[in-house]
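First up is the structure itself, then whatever we jot down about it.
Bear in mind that the values in this text are calculations on the coordinates, not laboratory data. No experiment lies behind these values; they were computed from the predicted model shown. Glycine gets a Cβ as well: all are built from the backbone with ideal geometry, and neighbour counts include every protein chain shown.
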Protein chains: 2
Amino acid sequence: MINVKDAGKRAKMASRSIMLCHEEQKNEALRLIADALLAHSDEIIEENKKDIENARERGMKESLIDRLMLNGGRIKALAESVIEITRLEDPIGEVVEEWERPNGLTLKKIRVPMGVIGIIYEARPNVTVDAAVLCLKAGSSALLRGGSDAINSNKCLVKVIKEALGKTEISPDAVMLCEDTARESAVEMMKMNEYLDVLIPRGGAGLIRSVVENATVPVIETGTGNCHIYVDESADIEMAKNILINAKTQRTGVCNAAETLLVNKNIASVFLPVAKEALSEKGCRILGCERTREIIECEEATDKDFATEFLDLIISVKVVENVEEAIEHIERYSTHHSEAIITENGENAKKFLREVNSAAVYHNASTRFTDGGEFGFGAEMGISTQKLHARGPMGLKEITSYKFVVEGNGQVR
Amino acid sequence: MINVKDAGKRAKMASRSIMLCHEEQKNEALRLIADALLAHSDEIIEENKKDIENARERGMKESLIDRLMLNGGRIKALAESVIEITRLEDPIGEVVEEWERPNGLTLKKIRVPMGVIGIIYEARPNVTVDAAVLCLKAGSSALLRGGSDAINSNKCLVKVIKEALGKTEISPDAVMLCEDTARESAVEMMKMNEYLDVLIPRGGAGLIRSVVENATVPVIETGTGNCHIYVDESADIEMAKNILINAKTQRTGVCNAAETLLVNKNIASVFLPVAKEALSEKGCRILGCERTREIIECEEATDKDFATEFLDLIISVKVVENVEEAIEHIERYSTHHSEAIITENGENAKKFLREVNSAAVYHNASTRFTDGGEFGFGAEMGISTQKLHARGPMGLKEITSYKFVVEGNGQVR
């Protein structure tokens with residue numbers, strides 16, 4: 001079994017082979033990985049079945065088993081997404097800025113790979129392929145640590161990836177899996193500053209909290225989204241209804257789904273009945289504040305509800321005085337992921353977009369667009385909810401660093 | 001006494017008042033701070049004298065006392081540096097990127113303040129003013145925690161800054177000092193994720209290690225620099241000597257000073273005697289590898305010496321086969337701060353600049369230029385030695401974040 005320290009050391013050693021690769025070498029490696037996934041489809045499904053059997057024995061919920069499951073169609077989709085990434089522009093080597101100093105020194109700020117990117121995730125084997133391939137395209141080694149529930153699938157997927165890398169100039173060690181799935185190994189990984197340049201947790205709130213609390217390696221916090229839709233007094237009712245239903249119900253288990261509806265008091269008596277009907281049609285429970293309950297019948301919302309990311313068909317609703325109170329509420333309860341204002345009033349929109357301190361702020365659009373694909377990044381490593389390094393959806397650029405190249409002719413201070 | 005939690009809470013509350021300020025409001029506040037520093041010069045010097053007396057009683061070294069000391073000239077220089085920062089372009093509100101999606105959504109990536117920036121530093125009261133003013137100009141609150149040795153100076157400086165802010169629309173709480181200088185309060189600060197968006201340690205290796213190990217707040221690691229000068233076989237001897245002497249001896253206690261000289265074997269017999277004479281003239285001790293000691297007389301360098309940031313008039317010297325071995329040595333021993341190649345060979349320069357994985361890489365110039373002022377950033381919050389968020393010198397832009405502003409006309413997924 002490859003322990004986490006060995007895996008880290010090998011990923012670090014290999015990072016130089018991938019760091020200096022040209023775009024075409026990386027794309028060729030990705031194409032070989034896609035081919036290998038398809039060629040080893042049966043073997044991957046076999047190993048995945050072991051994980052599913054074990055999970056069933058342990059009584060895992062069917063919804064989680066569905067996320068764990070790989071079949072022919074899913075492996076094909078995975079291979080296709082790898083090919084998609086070959087089409088994205090290589091971020092490495094880009095001259096971000098270039099200038100000259102009065103003393104004649106020329107400076108270039110150049111985009112370079114991170115080095116080794118660690119990813120800690122749960123029982124979703126597709127993340128193994130997604131994350132590995134994004135790291136490779138961004139010129140970095142990947143140190144992967146998936147959940148124990150997916151260990152057989154992950155081992156097989158990484159074996160297949162390494163086999164493909166074996167045919168290239170990139171070291172197969174550029175993708176390493178920590179096969180030790182004990183909790184201790186995760187904590188050890190979080191402290192491997194000598195081998196890891198950044199650590200990205202992808203998973204539920206518990207995982208992310210554990211990483212933030214334990215890591216000494218720089219972390220990009222991802223995920224939790226207590227997102228708000230504010231329907232201003234001048235909102236187009238039909239538009240507001242469509243955006244609300246989309247943001248709340250199109251997919252409930254995702255971080256960019258809405259969890260709270262804020263409604264301006266001057267439109268509440270018109271909008272809330274419309275909202276209630278549409279939400280109820282989708283089977284969505286409504287928890288309302290006192291003023292909401294004066295207009296529509298619903299359960300009572302507590303303070304705690306306003307702070308909760310339901311990830312379910314439940315929404316909390318509050319009637320507010322004006323855009324200022326909406327902003328206040330958001331600043332108090334939001335996880336600062338994504339918030340939207342629905343309004344025909346340009347001044348209120350401007351105020352909301354400026355003052356709401358979240359990764360993505362929307363005017364007349366659904367919060368569900370906070371996504372690497374929807375933003376046009378072509379791929380996504382996760383959605384950052386911190387302000388350091390990357391904020392919001394992270395594509396290839398967001399998992400790179402930069403360095404300064406300075407050229408002179410003998411300058412000294 | 002204001003404890004760290006209260007200080008953090010107040011800085012967070014105040015961050016909205018500064019976040020939304022326009023450039024001119026911030027510059028006006030900075031001018032008032034500069035005025036107040038000059039107006040309260042005597043009082044600041046009085047309080048600083050208490051710190052110096054206490055430090056002398058505790059037997060502090062004179063070189064450290066010099067860094068602690070404020071006098072009329074230094075306060076004037078401090079006030080002038082505040083005025084300098086008013087002249088820098090406001091980074092906030094800059095539209096970094098702007099694009100449209102096929103569905104008609106328009107996206108803007110806009111530079112926004114961090115929120116609250118924590119700075120942990122040692123007994124240099126000038127950092128109190130520098131850091132506070134940089135944070136304000138970058139639209140963030142500052143939570144300052146200086147060393148106990150400077151507590152009287154820091155309290156007085158922050159009082160003066162707050163008095164100036166009291167005359168503006170910015171809350172005086174936008175600059176908070178943690179007056180509790182017990183070790184526990186520093187550790188508590190490192191875990192205040194609810195109040196702090198980022199933590200920047202400024203000081204020696206011990207302080208930085210403690211922050212990296214204890215912090216749950218995102219950290220920007222700064223400082224340690226084991227920097228290298230590689231003299232290639234085609235180097236201009238005179239230029240190489242000048243750069244070496246500048247990088248090693250102009251100021252020894254700084255992170256961008258050179259600590260190791262690498263010399264190509266084909267130029268060693270010519271360059272090493274020249275280097276020795278020039279270094280000895282400056283009183284610099286030389287620790288050489290075996291091959292070095294065959295050419296010049298000097299002490300023996302151990303493996304540990306090559307890994308040491310001397311911050312003193314000491315240099316380790318190694319003769320290498322070629323540019324590849326120089327790069328290997330640097331990758332093994334460097335802290336990846338700043339490294340220089342001195343060569344007339346364009347191919348070797350290109351190879352070195354591309355393959356050396358440090359924040360700043362130089363061709364024919366001194367490593368001493370790795371500095372916010374020298375890079376033209378106008379000011380500096382520190383020099384990052386990590387790859388996340390900021391790398392190398394950090395100016396105003398490097399202490400900001402961004403958000404996405406998305407505008408639509410009813411788009412849903």
**Kirkwood-based Rg to Rh ratio, the protein assembly as shown, C-alpha trace** = 0.99
**Message:** Over the Cα atoms of the range B:196-239, each weighted equally, I'd like the Debye log10 I(q)/I(0) at q = 0.17, 0.28 Å⁻¹, rounded to two decimals.
**Reply:** -0.56, -1.00
**Asked** Distance in nm between label sites at A:Thr302 and B:Arg58, each 7 Å beyond Cα in the beta-carbon direction?
**Response** 4.8
**Message:** For B:Asp232, B:Asp6, which order do you get if you count the other beta carbons within 10 Å of each Cβ and list the fewest first?
**Reply:** B:Asp6, B:Asp232
**Asked** How much of the DSSP beta bridge set in chain A is antiparallel, as a percent to the nearest 5?
**Response** 30
**Asked** So how do A:Val198, B:Val95, B:Val116, A:Val274 line up by other beta-carbon neighbours within 10 Å, fewest first?
**Response** B:Val95, A:Val274, A:Val198, B:Val116
**Request:** Work out how far the C-alpha atoms of the range A:227-373 reach from end to end along every principal axis, then list the three figures in whole Å, largest first.
**Result:** 34, 32, 28
**Scaled radius of gyration (Cα, divided by 2.2 N^0.38 Å) that the range B:138-292 gives** = 1.52
**Prompt:** Can you give the average number of partner chain beta-carbon atoms within 10 Å of each beta-carbon in peptide B:353-361, as a whole number?
**Reply:** 5
**Message:** Treating only the Cβ of Lys, Arg, Asp and Glu as charged (+1, +1, -1, -1), what charge dipole size does the protein assembly as shown show about its Cα centre? Round to the nearest 20 debye.
**Reply:** 540
**Prompt:** Which ³J(HN,Hα) values, rounded to whole Hz and listed in residue order, are derived for the range A:109-122 from phi using the Karplus coefficients 6.51, -1.76 and 1.60 in 6.51 cos²θ - 1.76 cosθ + 1.60 with θ = phi - 60°, glycine and proline given as x?
**Reply:** 9, 10, 6, 10, x, 5, x, 10, 10, x, 10, 10, 9, 9
**Point-charge dipole on Cβ atoms (K/R +1, D/E -1) for chain B, about Cα centre, debye to 20** = 1120
**5 angstrom amide H check on A:Leu199, placed H, neighbours 5+ away** = A:Gly118, A:Val219, A:Ile220
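In peptide B:386-399, how many Cβ atoms from other protein chains are near each Cβ within 10 Å, on average?
Values: counts 7, 14, 12, 9, 4, 6, 5, 1, 0, 0, 0, 0, 0, 0.
Counting other chains' Cβ atoms within 10 Å and averaging over B:386-399 gives 4.
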**Prompt:** Got a sec to turn the phi values of the range B:190-201 into Karplus ³J(HN,Hα) couplings, 6.51 cos²θ - 1.76 cosθ + 1.60 with θ = phi - 60°, whole Hz, x for Gly and Pro?
**Reply:** 5, 10, 8, 4, 6, 10, 10, 8, 7, 10, 10, x
**Item:** FRET efficiency, 1/(1 + (r/R0)^6) with R0 56 Å, evaluated for A:Lys167 and B:Arg183 via beta carbons
**Value:** 0.55
**Message:** For Cα pairs less than 8 Å apart in space and 6+ apart in sequence, what is the mean separation divided by the residue count of chain A, i.e. the relative contact order in percent?
**Reply:** 18
**Complete:** Ranked by GNM mean-square fluctuation in chain A (Cα springs under 10 Å), the top entry among A:Lys61, A:Lys265, A:Lys155 is A:Lys61
**Prompt:** Once the Cα atoms of the range B:125-179 are picked out, what are the Rg and Dmax in Å?
**Reply:** 10.3, 33
**Pair A:Lys282, B:Arg209: separation of 7 Å Cα→Cβ label points (nm)** = 5.4
**Prompt:** Using only the Cα atoms, what convex hull volume per residue in Å³ does chain A have?
**Reply:** 169
**Request:** For chain B, build the charge dipole from Cβ charges (+1 Lys, Arg; -1 Asp, Glu) around the Cα centre, then report which of B:Gly8, B:Gly93, B:Gly288 sits farthest towards its positive end.
**Result:** B:Gly8
**Prompt:** Looking at A:Ile342, A:Ser366, A:Asn322, which one has the Cα that reaches farthest to the positive end of the dipole of the range A:227-373 (charges on Cβ: Lys, Arg +1; Asp, Glu -1)?
**Reply:** A:Ser366
